[in-house]
Each structure stands twice: as C-alpha cells, then as structure tokens.
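Please read the structure below before turning to the comments.
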Amino acid sequence: MLSIDFWNILFTVINLLIFFLIIKFFLLKPIKNIMDKRQQMIQDDFDSAAKTKKEAEQLKDEYEGNIQSAKEEAAKITDTAKKNAAKQRENLLETANEEARNIVEKAQKNAQAEYDKTISKLESEIAGLALVAATKVVKNSTSEEDVSDFDKFLNGED
C-alpha cells in the first residue's frame, strides 16, 4: 500500500526548493536578462521605426511643398515668357507697320516725284510743240498782230 513518510516529503520539498533556487539563479535570471534586453531592443526598434516614419513624413511634406513651389515658379516663368512673347510680338508688329508706312510714304514720294518729273517733261514738250506750231504760224502769218499775240502767249500774258 501506499505509505506517506513525513521526512521523505520534507526532503522532497527541500530538494524542490533548492532545485528551484538553483534554476532561478542560474537559468531563469539570465533568461530574464536576455528577455529584458530583447524587449529593450524591440522597443528601441519600434521607437526608431516611429522616428524614421515621422522623418519620412516630414521629408515627404517638404518634398511636396518643394514640388508645389516649383510648379508655381514654373507657372510664373511661363506667364512671364508669354507676356514677353506678346510684347515682342507687339513690338515686331509695330516695327513692321512702321516700316510698311515708311515704304508706302517713300513709294508715294517717289511716285509724286516721278509724276512731277513727267509733268515737267510733258510741259517742256508741249512748250516745244507750241513753239514749233507758233513758228509755223508766224511764218505763214504776215500780220504783225499775230506775232504780238504769239509773244504774249509765250510771256504768259493774256
């Protein structure tokens, strides 16, 4: 049958306590230290990841801000370029119109000068023809009165 011995139970309990203390001191304490170090490493990694994430978000916000300002700057440059191009276009049109006016004025002056020259030439030819005709009339005419009319005509008298 089963017999229960007090001293046997006491030695078993004492052996278990000693074994527990030895295990606790030599095994559990180093394992707990390793676990604490591991826990601290994990916590440091989490903190580092959170810090890196925060920095990444700040950089992202900064880059987005830079991109936005670059877009705004590009829009300003484009607007300025368009305005400058419009001004240059207006200046070129103004210059071209001015040159066209100058060319037209010059052509009109040349045409007027040519007209005046032609009129002058025609007047001299007409005067020459009138002189020839007058000489013929004078030769054919015997009266003094016709000659004086001719002289009046040449002098411009009426």
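Quick note: the coordinates plus some simple rules give every number you see, no bench work behind them. The shown structure was predicted, so the numbers you read here are calculated from the model rather than taken from an experiment. No Cβ is skipped: glycine too gets one built from the backbone with ideal geometry, and neighbour counts run over all protein chains shown.
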Those lysines that a straight Cα-Cα span of less than 23 Å connects to K106, excepting residues fewer than 8 apart in one chain: K117, K121
Mean Kyte hydropathy of 1.0 or more with a Cα span along the axis of at least 24 Å, helices from DSSP in the chain: 6-23
Net lengthening on full extension, A56/K117 (0.36 nm per residue, minus Cα-Cα): 13.1 nm
Rounded Å value of the spacing that divides the Cα centres of region 33-74 and region 10-27: 49 Å
Modelled FRET efficiency - R0 35 Å, F20 with D45, Cβ distances, 0.05 increments: 0.55
Whether the chain is rounded, prolate or oblate, judged on the alpha carbon gyration tensor where a/c under 1.5 counts as rounded: prolate
Furthest towards positive pole of dipole, N97, N84, A127, structure part the chain, Cβ charges: N84
Residue of T135, T52, T95 that the Gaussian network model of the chain assigns the largest fluctuation, springs spanning Cα pairs under 10 Å: T135
